[in-house]
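Asks: Structure provided below as structure tokens; questions to follow.
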Amino acid sequence: MLQAHRPSIGAEELEEVRKVFETGWLGMGSQVIEFENMVKDYLGVRNVVAVNTGSTALHIALDAHGVGPGDEVITPSLTFCAGIQGIISLGAIPVFCEVDPDTLNIDLDDMAKRMTPRTKAIMPVHYCGYACDMDRLLGIAHEKDVVVIEDAAHAFGSTYKGKKIGSIGDAACFSFDPIKNFTCGEGGAVTLSDDSMADRIRKKRALGITRDSWQRQKKAQSWYYEVVTQGYRYHMSNINAAIGIAQLRKLEKFIEKRKEIAERYNAAFKGVKGIKILKWELREMAPFMYILRVNGDRRDEMMDFLASKGVASGVHYIPNHLQPFFSKYATELPATEKVWKEIVTLPLFYDMTDDDVELVIRAVKEFFGC
Ligand SMILES: Cc1ncc(COP(=O)(O)O)c(C=O)c1O
């Protein structure tokens, strides 16, 4: 079975991890700092705070920006549940909004309608790496003093009007889990330009301690520390950072290959009756996943057919307002409820061969009788 996602890892990652083993310092230390600096240079942003997952990046960013009990946070329902859990764990209320069915990004008109005096933050998702309309989004939010915490889990390497995602808004949260554009094994980061907010997030990721153990061991009285704020144990480890360092060196070729595959899919599926290609501008995208819309009620039938041909596929995502635990936040979202039944995720990863791509194209076309 051809998998839908797979990391591309090997000797270079092992070599970087070996170096960490040699130092004996497995937790947060020099590799994490090196990794943060690499991300900083790549994105062109003032601050990068590396954490242990994309989920914790979202949680800590919301928390540091003061999201708390009773606050409303607007976010699309059609996304992964990570951000929603972060909102709820702070006692805040997720306000689900629609996506644009053509791009699967946040519907800004619907978002604006759902803003109230209790709206504290907006959490848009750059779906599959396609950037939201950040100029308009930031304009609407900032006019009402609402902070924008971008869920950029899918979007490392993508640009908006030529600027890297992660260098534009108030704060962006990335995921480096095993299937993302590049991986740390597990990992995440918050990127932001505001130095004092970055400092708050750095303290929060280390249990509110002024100096983490890596900083302390370089100083006299290395045993001394102070807890100055509420916090979490969310830091990235040297082992995960080492994997990320090796992966970042390969990022450009990863992105090029992903784009190439997405372009081949687009060309092959253009004009096939029964499917819709999303209106993504691939030029600006580091595509994390490739998604098609299947007309009518044939999505599940198509997934079964693909499986019978040896091609795995997926659905990203089941809308959160339909999840049992989030049902008390359910609201009317007709566009989301229609589109989620149409979407199917096809295989897209760096190590796919030409034959793999052909296999997917042939299987999809065969299903639609062409
Ligand atoms: C949109 C979105 N946000 C957040 C996350 C959470 O990232 P992580 O898996 O690193 O916790 C994911 C993970 O897939 C995601 O797809």
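Asks: Run Pro69 past the list (1) open to solvent by 30 Å² or more (accessible area, probe 1.4 Å); (2) within 15 Å of the ligand (Cβ to nearest atom) and report the number of the one that doesn't hold.
Replies: Against the list (1) open to solvent by 30 Å² or more (accessible area, probe 1.4 Å); (2) within 15 Å of the ligand (Cβ to nearest atom), Pro69 comes up short only on (2).
Asks: Moving to a separate point now. Arg293 passes all but one of (1) surrounded by fewer than 17 Cβ atoms within 10 Å (Cβ to Cβ); (2) in a strand (DSSP E or B); which number fails?
Replies: Failed condition: (1).
Asks: State all residues of region 323-348 that are surrounded by fewer than 20 Cβ atoms within 10 Å (Cβ to Cβ), in contact (Cβ under 8 Å) with a residue 24 or more places away in the chain and in a loop (DSSP other than H, G, I, E, B); if no residue qualifies, say none.
Replies: Answer for region 323-348, where residues must be surrounded by fewer than 20 Cβ atoms within 10 Å (Cβ to Cβ), in contact (Cβ under 8 Å) with a residue 24 or more places away in the chain and in a loop (DSSP other than H, G, I, E, B): Gln323, Ala330, Thr331, Lys341, Glu342.
Asks: Based on what the data block shows, is Asn266 open to solvent by 10 Å² or more (accessible area, probe 1.4 Å) and modelled with pLDDT under 95?
Replies: In short, no.
Residues checked against (1) in contact with a strand residue (DSSP E or B) (Cβ under 8 Å, 6 or more places away or on another chain); (2) crowded, with 23+ Cβ neighbours inside 10 Å; (3) under 23 Å from Ala335 (Cα atoms):
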| position | (1), (2), (3) |
| --- | --- |
| Gly91 | no, no, no |
| Glu98 | yes, yes, yes |
| Leu108 | no, no, yes |
| Thr116 | yes, no, yes |
| Thr119 | yes, no, yes |
| Cys132 | yes, yes, yes |
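Asks: If you don't mind, there's one more thing I want to ask. If you take the residues in region 351-370 that are open to solvent by 50 Å² or more (accessible area, probe 1.4 Å) and assigned to a loop (DSSP other than H, G, I, E, B), which one is farthest from Phe254 (Cα to Cα)?
Replies: Only one residue fits best here, namely Gly369.
Asks: When you look at Ile179, is it under 29 Å from Pro287 (Cβ atoms), open to solvent by less than 20 Å² (accessible area, probe 1.4 Å), under 24 Å from the mean Cα position of the chain (by Cα) and in the same structural domain as Leu26 (by TED's automatic domain parsing), yes or no?
Replies: no
Asks: Now for a separate question. Name the one entry in Lys338, Lys279, Lys309 that is more than 19 Å from the chain's Cα centre (by Cα), under 28 Å from Phe156 (Cα atoms) and either β-branched (Val, Ile, Thr) or more than 16 Å from the ligand (Cβ to nearest atom) (or both).
Replies: Details: Lys338 fails: under 28 Å from Phe156 (Cα atoms); Lys309 fails: under 28 Å from Phe156 (Cα atoms).
Selected residue: Lys279, the only one of Lys338, Lys279, Lys309 that is more than 19 Å from the chain's Cα centre (by Cα), under 28 Å from Phe156 (Cα atoms) and either β-branched (Val, Ile, Thr) or more than 16 Å from the ligand (Cβ to nearest atom) (or both).
Asks: Here is a follow-up. When residues of region 310-322 are filtered for being assigned to a helix (DSSP H, G or I) and open to solvent by less than 20 Å² (accessible area, probe 1.4 Å), how many remain?
Replies: 2
Asks: Sticking with this structure for a sec: Taking the condition within 27 Å of Gly86 (Cβ to Cβ) and without any contact (Cβ under 8 Å) to a residue 24 or more places away in the chain, does Phe288 pass?
Replies: Against the criterion (within 27 Å of Gly86 (Cβ to Cβ) and without any contact (Cβ under 8 Å) to a residue 24 or more places away in the chain), Phe288 does not qualify.
Asks: Say we look at region 158-187 and pick out the residues that are of a type in the set (Val, Ile, Thr), away from the ligand (no atom under 12 Å from the Cβ) and assigned to a loop (DSSP other than H, G, I, E, B); which of these is nearest to Ala241 (Cα to Cα)?
Replies: The extreme case among them is Ile165.
Asks: Mind listing whichever residues of region 39-62 are in contact with a strand residue (DSSP E or B) (Cβ under 9 Å, 6 or more places away or on another chain) and away from the ligand (no atom under 16 Å from the Cβ)?
Replies: The answer is Lys40, Tyr42, Leu43, Gly44, Val45, Arg46, Asn47.
Asks: Taking region 212-261 as the region of interest, how many residues are crowded, with 17+ Cβ neighbours inside 10 Å, at pLDDT 95 or above and more than 25 Å from Phe349 (Cα to Cα)?
Replies: Result for region 212-261: 5.
Asks: Select from region 74-86 the residues that are more than 20 Å from Lys144 (Cα to Cα) and hydrophobic (A, V, I, L, M, F, W, C) and write down the one among them that is surrounded by the most Cβ atoms within 10 Å (Cβ to Cβ). Can you show your working first?
Replies: First, the residues of region 74-86 that are more than 20 Å from Lys144 (Cα to Cα): 77-86.
Subsequent filtering for residues that are hydrophobic (A, V, I, L, M, F, W, C) retains 78, 80-82, 84.
Details: Leu78: 28, Phe80: 19, Cys81: 15, Ala82: 20, Ile84: 23.
Once the filter is applied, the top-ranked residue is Leu78.
The values are calculated or read from the model by the stated rules, or taken from the named source; none is laboratory data. These numbers were taken from a predicted model, which means no experiment stands behind them. Using ideal geometry, Cβ is built from the backbone for each residue, glycine included, and neighbour counts are taken over all protein chains shown. SASA here: full protein model, heavy atoms, side chains in, ligands and nucleic acids out. Shrake-Rupley method; radii C 1.70, N 1.55, O 1.52, S 1.80 Å.
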